[in-house]
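Below is one structure; the comments refer to it alone.
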Amino acid sequence: MTDQKYIVEIAGLRKRYPGVDALDGIDLKITRGEIWGLLGPNGSGKSTLLKCIAGLVKPDSGQVTINGSKPSRKTKSAVAFVPEIDHLYNWMTVQQTLNFISAFYDDWQKEREQELLEFMKLDPRKKVSTLSKGMRARLKLVVGLSRNSELVLLDEPLSGIDPSSRDRIVEGIVRQFRSEKQTMILSTHAVDETERLYDSVIFLSEGRVHISGSAEELRIKHSKSMNELFKEVYA
Amino acid sequence: MKRFLRLLGKDLEASKLPILFNSGLSIVWIAFLRYRYEAGWSLGMVFILMTIPLTFLPIWLMWQTYQTLRTEWREKTTYTLLLLPIPGWQITLSKWTALLIEFTIVLAALVGSALLFFLGPINEYYGSFLQAVPLTWFLRNGFLLYLGALATFSSFIILVQLAFIVSKLVGRFRGLAALWTLLLATWLVERVGIILDPLFRWLPPIHIEQLFRLDVIAQYTNYTPEIAYHYSAEVGSWLATLGLFLLSSWLLENWIETDD
Amino acid sequence: MRIDFDPAVPIYLQIIDEIKRQVATGVLAAGDKLPSQRDLAAELHVNANTVQRAYREMEAEGLVETLRGQGTFICQDPNVVEKTRGEMINKLVADFIRSMRSLGCSDDSILALIKLGLGKNEEIFEKRGVKKND
């Protein structure tokens, strides 16, 4: 029986790569309708965890369920994953990219795609290969947010990006997030810039959950910002 | 269907340059031969040299099969592809279809330019023969040969796809894994053919001389060969190849991980 | 609306404080419409759930009321505005006294210091050529 309160449930998740335990026993329940911050330094397992939820990485043991089902073709229709790396076809134009990907999703919102394109100041005729890193990050976000996905996973959406693009991306996330029917998990090590976005946070360290809970409760409990807490945890 | 066509469109578009390059090269080669023919090379030798691209074509197709998959990995577009909520076979089938279309286009460029550039010499030497044999005979047999080539290449493509996908399942020695998979899969396809052979003996043989209407040219040779083609062993091999196609599609959908 | 957030303090409380401050200073009057939760969230770069929580708390306190399909409004009752102003003043005074006491000041010295401070403020006003109102 699916627990309606949680969209993602993770139990005893382990993943080992040659020489490293990327995930070393993760137990988590992600509350529906919230924005979650998955925080941790590089190499703490954030990316691997998101890929496990997206179905791009197969765990060695333990399990992940999304609405009660293991990652599969079915869950892929409900999940939007925006990876950290550039995963779009370089030879396509911005519009071709959106036309190609949108064909595979029934929940693609054409009007929202156009609205986001405009908001992100992207030229639909430009080739992906000619876009700057910041513009490509914006395009990836348009791809991720143009759908009514129940679960949106953003892997380091701000890393290596100019400040003006960072601002646009944060505002784009806030504008498009539909808490009634959407849940978002955002991984980052840039905590101060995204601090205000989170309902809940997870501090990941060497493949384990260090702290997890409501951001506001943590502020009350520690009288510290998430960024200060982050620095303290990883000092 | 709409989704499959999108995939196919993308795969063809991505191979636009190699298609243009190879078609162009074929046409230039034929034009060069025509020029050499004018300069005194014999027609027989020119005809033999004309078939060189034909022997390269299957090798190129194998390379291209490997290359189209490798590019997806190198450019990290596997993320886009594997995130799509579609069965794995649509991805492999789309690439398979695109490769056969590529083969067809390059072949058409080669045959088309050969006919165009050598229309004069052919008419001069074989005019009387060509007038006696109806055009439809050439078209029919040409098409049958083309189908045969497609059938052979399509199984090659499937084996190379499997080899590539298996190589991505292992952490290291990927080249070696691909090579071994290719060899083992080829061996398996042959073995299954032999093992299942008795099951399909009841199938009637195909009479090649009827299929190709060899009687049409018999008047020139005074001899019609009788060639009965028993394909009971091939049926098993085809089934095995189909099985391997489903296997690589399943592996791609369920077991492949993206790596950075 | 602009808020310089102190990230160490719960964000929804800071939103409530800012709206209360605007009510107390008359920027927002009784019956005024508040921005929609989504708009305010986008403006402040915060999560819409946080704005929702702030609005919910203010509604529970009776400061605002939500009319279905129309939005959230500052309570029509003028007493509420007065009450909010009074609460803010009380809170500031209480915070001030607590801080001063924690620094070891006696009640007498706090009073004396306040008088001294008010005097200084007058000087500053005069220097800048600002007329004092109260």
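The values are calculated or read from the model by the stated rules, or taken from the named source; none is laboratory data. Keep in mind the model is a prediction, meaning the values are calculated, not measured. Methodologically, a virtual Cβ is constructed for each residue, glycine included, from the backbone with ideal geometry; neighbour enumeration extends over all protein chains shown. We work out accessible area using only protein heavy atoms, side chains counted, and drop any ligands, DNA or RNA first. Shrake-Rupley method; radii C 1.70, N 1.55, O 1.52, S 1.80 Å.
What number goes with the only condition from (1) in a helix (DSSP H, G or I); (2) away from chain A (no Cβ under 14 Å) that C:A54 does not pass?
(2)
Looking only at the range B:185-194, decide whether some residue is of a type in the set (D, E, K, R), in contact (Cβ under 8 Å) with a residue 12 or more places away in the chain and outside any helix (DSSP H, G or I).
No, the range B:185-194 contains no residue that is of a type in the set (D, E, K, R), in contact (Cβ under 8 Å) with a residue 12 or more places away in the chain and outside any helix (DSSP H, G or I).
Is the range A:127-135 home to any residue that is open to solvent by less than 30 Å² (accessible area, probe 1.4 Å), away from chain B (no Cβ under 14 Å) and part of a helix (DSSP H, G or I)?
We begin by selecting, within the range A:127-135, every residue open to solvent by less than 30 Å² (accessible area, probe 1.4 Å); these are A:128, A:131, A:134.
Adding the requirement that they be away from chain B (no Cβ under 14 Å) leaves A:131, A:134.
Imposing the further condition that a residue be part of a helix (DSSP H, G or I) reduces the set to A:134.
Yes, the range A:127-135 contains at least one residue that is open to solvent by less than 30 Å² (accessible area, probe 1.4 Å), away from chain B (no Cβ under 14 Å) and part of a helix (DSSP H, G or I).
Filter the range B:71-80 down to the residues that are hydroxyl-bearing (S, T, Y) and within 7 Å of chain A (Cβ to nearest Cβ) and list them by number. Talk me through it step by step, then tell me what you get.
Filtering the range B:71-80 for residues hydroxyl-bearing (S, T, Y) gives B:71, B:77-80.
Those that are hydroxyl-bearing (S, T, Y) and within 7 Å of chain A (Cβ to nearest Cβ): B:T77, B:Y79, B:T80.
Give the range C:57-78 a look and list any residue that's part of a helix (DSSP H, G or I), surrounded by 10 or more Cβ atoms within 10 Å (Cβ to Cβ) and more than 14 Å from every other protein chain (Cβ to nearest Cβ), or say none. First the steps, then the outcome.
Within the range C:57-78, the subset part of a helix (DSSP H, G or I) is C:57-61, C:78.
Remaining after also requiring surrounded by 10 or more Cβ atoms within 10 Å (Cβ to Cβ): C:57-59, C:61, C:78.
Those that are part of a helix (DSSP H, G or I), surrounded by 10 or more Cβ atoms within 10 Å (Cβ to Cβ) and more than 14 Å from every other protein chain (Cβ to nearest Cβ): C:M58, C:E59, C:E61, C:P78.
Could you check, for the range A:202-216, whether at least one of its residues is within 14 Å of another protein chain (Cβ to nearest Cβ) and in a loop (DSSP other than H, G, I, E, B)? Break it down into steps so the answer makes sense when it comes.
Narrowing the range A:202-216 to residues within 14 Å of another protein chain (Cβ to nearest Cβ): A:213-216.
Adding the requirement that they be in a loop (DSSP other than H, G, I, E, B) leaves none.
No, the conditions are met nowhere in the range A:202-216.
Mind checking which residues of the range B:222-250 are open to solvent by 80 Å² or more (accessible area, probe 1.4 Å) and farther than 30 Å from B:L169 by Cα? If you could, list the steps in order and put the result at the bottom.
First, pick out the residues of the range B:222-250 that are open to solvent by 80 Å² or more (accessible area, probe 1.4 Å): B:222-223, B:226, B:229-230, B:238-239, B:242, B:246, B:250.
The answer is B:N222, B:Y223, B:E226, B:Y229, B:H230.
How many residues does the range C:74-117 hold that are closer than 16 Å to C:E61 by Cα and of a type in the set (S, T, Y)?
1
Go through the range B:167-206 and give me each residue that's open to solvent by less than 40 Å² (accessible area, probe 1.4 Å) and within 17 Å of B:R70 (Cα to Cα).
Those that are open to solvent by less than 40 Å² (accessible area, probe 1.4 Å) and within 17 Å of B:R70 (Cα to Cα): B:S167, B:A177, B:A178, B:T181.
Could you say which residue among A:V142, A:V128, A:V152 is over 19 Å from B:L82 (Cβ atoms) and not polar (S, T, N, Q)? Walk me through how you get there before you give the answer.
Numbers: A:V128 fails: over 19 Å from B:L82 (Cβ atoms); A:V152 fails: over 19 Å from B:L82 (Cβ atoms).
Only one candidate qualifies: A:V142.
Here is a list of conditions, (1) among the charged types (D, E, K, R); (2) open to solvent by 50 Å² or more (accessible area, probe 1.4 Å); (3) more than 14 Å from every other protein chain (Cβ to nearest Cβ), and B:E209 meets all of them except one; can you say which number that is?
Unmet condition: (2).
If I go through the range B:81-110 residue by residue, how many of them are out of contact with any Phe, Trp or Tyr (no Cβ under 7 Å at 6 or more places or on another chain), within 11 Å of another protein chain (Cβ to nearest Cβ) and within 20 Å of A:P83 (Cβ to Cβ)?
Residues in the range B:81-110 being out of contact with any Phe, Trp or Tyr (no Cβ under 7 Å at 6 or more places or on another chain), within 11 Å of another protein chain (Cβ to nearest Cβ) and within 20 Å of A:P83 (Cβ to Cβ): 2 in total.
Looking only at residues in the range A:218-227 that are part of a helix (DSSP H, G or I), at the interface with another protein chain (Cβ under 10 Å from one of its Cβ atoms) and more than 22 Å from the chain's Cα centre (by Cα), which one is surrounded by the most Cβ atoms within 10 Å (Cβ to Cβ)? Quick ask: steps written out before the conclusion?
Step one: of the range A:218-227, the residues part of a helix (DSSP H, G or I) are A:218-222, A:226-227.
Imposing the further condition that a residue be at the interface with another protein chain (Cβ under 10 Å from one of its Cβ atoms) reduces the set to A:218-220, A:222, A:226-227.
After this cut, where a residue has to be more than 22 Å from the chain's Cα centre (by Cα) as well, the list is A:219-220, A:222.
Numbers: A:R219: 23, A:I220: 13, A:H222: 14.
By that ranking, first place goes to A:R219.
What are the pairs, 6+ residues apart or on separate chains, where a residue within the range C:15-31 that is of a type in the set (A, V, I, L, M, F, W, C) has its Cβ under 6 Å from a residue that is open to solvent by 30 Å² or more (accessible area, probe 1.4 Å) and not in a helix (DSSP H, G or I)?
C:A30/C:Q76
State all residues of the range A:175-201 that are outside any strand (DSSP E or B) and under 13 Å from the mean Cα position of the chain (by Cα); if no residue qualifies, say none. Show your work before the answer.
Of the residues in the range A:175-201, the ones outside any strand (DSSP E or B) are A:175-182, A:189-199.
Within the range A:175-201, A:F177, A:Q182, A:H189, A:T194, A:L197, A:Y198 qualify.
Could we say that A:I169 is within 14 Å of chain C (Cβ to nearest Cβ), without any contact (Cβ under 8 Å) to a residue 60 or more places away in the chain and closer than 17 Å to A:A80 by Cβ here?
Working: within 14 Å of chain C (Cβ to nearest Cβ): yes; without any contact (Cβ under 8 Å) to a residue 60 or more places away in the chain: yes; closer than 17 Å to A:A80 by Cβ: yes.
Judged against the criteria, A:I169 is a match.
Inside the range C:22-43, can you point out the residues that are within 14 Å of chain A (Cβ to nearest Cβ) and open to solvent by 10 Å² or more (accessible area, probe 1.4 Å)?
Going residue by residue through the range C:22-43, those that are within 14 Å of chain A (Cβ to nearest Cβ) are C:35-43.
C:P35, C:S36, C:Q37, C:R38, C:D39, C:E43, listed by residue number.
Does A:W91 fit the bill of being at pLDDT 95 or above and facing another protein chain (nearest Cβ under 8 Å)? Before the answer, list the steps.
Values: at pLDDT 95 or above: yes; facing another protein chain (nearest Cβ under 8 Å): yes.
So A:W91 fits the description; yes.
Please verify whether the range B:158-166 includes one or more residues that are surrounded by fewer than 21 Cβ atoms within 10 Å (Cβ to Cβ) and either in the same structural domain as B:W255 (by TED's automatic domain parsing) or out of contact with any Gly (no Cβ under 9 Å at 6 or more places or on another chain) (or both). Reasoning before the result, please.
Initial filter on the range B:158-166 (surrounded by fewer than 21 Cβ atoms within 10 Å (Cβ to Cβ)): none.
No: the range B:158-166 contains no residue that is surrounded by fewer than 21 Cβ atoms within 10 Å (Cβ to Cβ) and either in the same structural domain as B:W255 (by TED's automatic domain parsing) or out of contact with any Gly (no Cβ under 9 Å at 6 or more places or on another chain) (or both).
Quick one: B:E75 ticks every box in (1) buried (at least 20 other Cβ atoms within 10 Å of the Cβ); (2) at pLDDT below 95 bar one, so which box is it?
So B:E75 meets the others, but not (1).
Of everything in the range A:180-209 that's open to solvent by 40 Å² or more (accessible area, probe 1.4 Å) and in contact (Cβ under 8 Å) with a residue 24 or more places away in the chain, which residue is nearest to A:V170 (Cα to Cα)? Give the derivation first.
Within the range A:180-209, the subset open to solvent by 40 Å² or more (accessible area, probe 1.4 Å) is A:180-181, A:189, A:192-193, A:196, A:206, A:208-209.
Next, only the ones that are in contact (Cβ under 8 Å) with a residue 24 or more places away in the chain stay: A:180-181, A:189, A:192-193, A:206, A:208-209.
Numbers: A:E180: 19, A:K181: 19, A:H189: 14, A:D192: 12, A:E193: 8, A:E206: 27, A:R208: 27, A:V209: 25 Å.
Restricting to residues being open to solvent by 40 Å² or more (accessible area, probe 1.4 Å) and in contact (Cβ under 8 Å) with a residue 24 or more places away in the chain, the top hit is A:E193.
It is to be established whether one or more residues within the range C:12-20 are crowded, with 16+ Cβ neighbours inside 10 Å, within 20 Å of A:I173 (Cα to Cα), facing chain A (nearest Cβ under 10 Å) and aliphatic (A, V, I, L, M).
No, the range C:12-20 has no match at all.
Filter the range C:7-40 down to the residues that are in a helix (DSSP H, G or I) and touching a Lys or Arg at 6+ places or on another chain (Cβ under 8 Å), then identify the one that is farthest from A:L186 (Cα to Cα).
Going through the range C:7-40, the residues in a helix (DSSP H, G or I) turn out to be C:11-24, C:37-40.
Add one more test, that the residue is touching a Lys or Arg at 6+ places or on another chain (Cβ under 8 Å), and what stays is C:11-12, C:23-24, C:38.
Details: C:I11: 19, C:Y12: 20, C:V23: 35, C:A24: 37, C:R38: 19 Å.
This residue is C:A24.
If I ask for residues that are on the phi > 0 side of the Ramachandran plot and either more than 10 Å from chain B (Cβ to nearest Cβ) or in contact with a His (Cβ under 7 Å, 6 or more places away or on another chain) (or both), which ones from the range A:52-88 would you list? Please lay out each step first, then the result.
Step one: of the range A:52-88, the residues on the phi > 0 side of the Ramachandran plot are A:55, A:62, A:67-68.
Listed by number, the residues that qualify are A:G62, A:N67, A:G68.
With A:G43, A:G33, A:G19, A:G25 as the choices, which residue is more than 8 Å from every other protein chain (Cβ to nearest Cβ) and open to solvent by less than 50 Å² (accessible area, probe 1.4 Å)?
Values: A:G43 fails: open to solvent by less than 50 Å² (accessible area, probe 1.4 Å); A:G33 fails: more than 8 Å from every other protein chain (Cβ to nearest Cβ); A:G19 fails: open to solvent by less than 50 Å² (accessible area, probe 1.4 Å).
Answer to the selection: A:G25.
Given the conditions (1) of a type in the set (F, W, Y); (2) touching a residue at least 24 places away in the same chain (Cβ under 8 Å); (3) within 14 Å of chain B (Cβ to nearest Cβ), which single one is not true for A:F119?
For A:F119, the failing item is (3).
Among the residues of the range C:79-106, what is the count of those that are aliphatic (A, V, I, L, M) and part of a loop (DSSP other than H, G, I, E, B)?
From the range C:79-106, those aliphatic (A, V, I, L, M) are C:80-81, C:88-89, C:92-94, C:97, C:100, C:103; that's our starting set.
Add one more test, that the residue is part of a loop (DSSP other than H, G, I, E, B), and what stays is C:103.
Matching residues across the range C:79-106 total 1.
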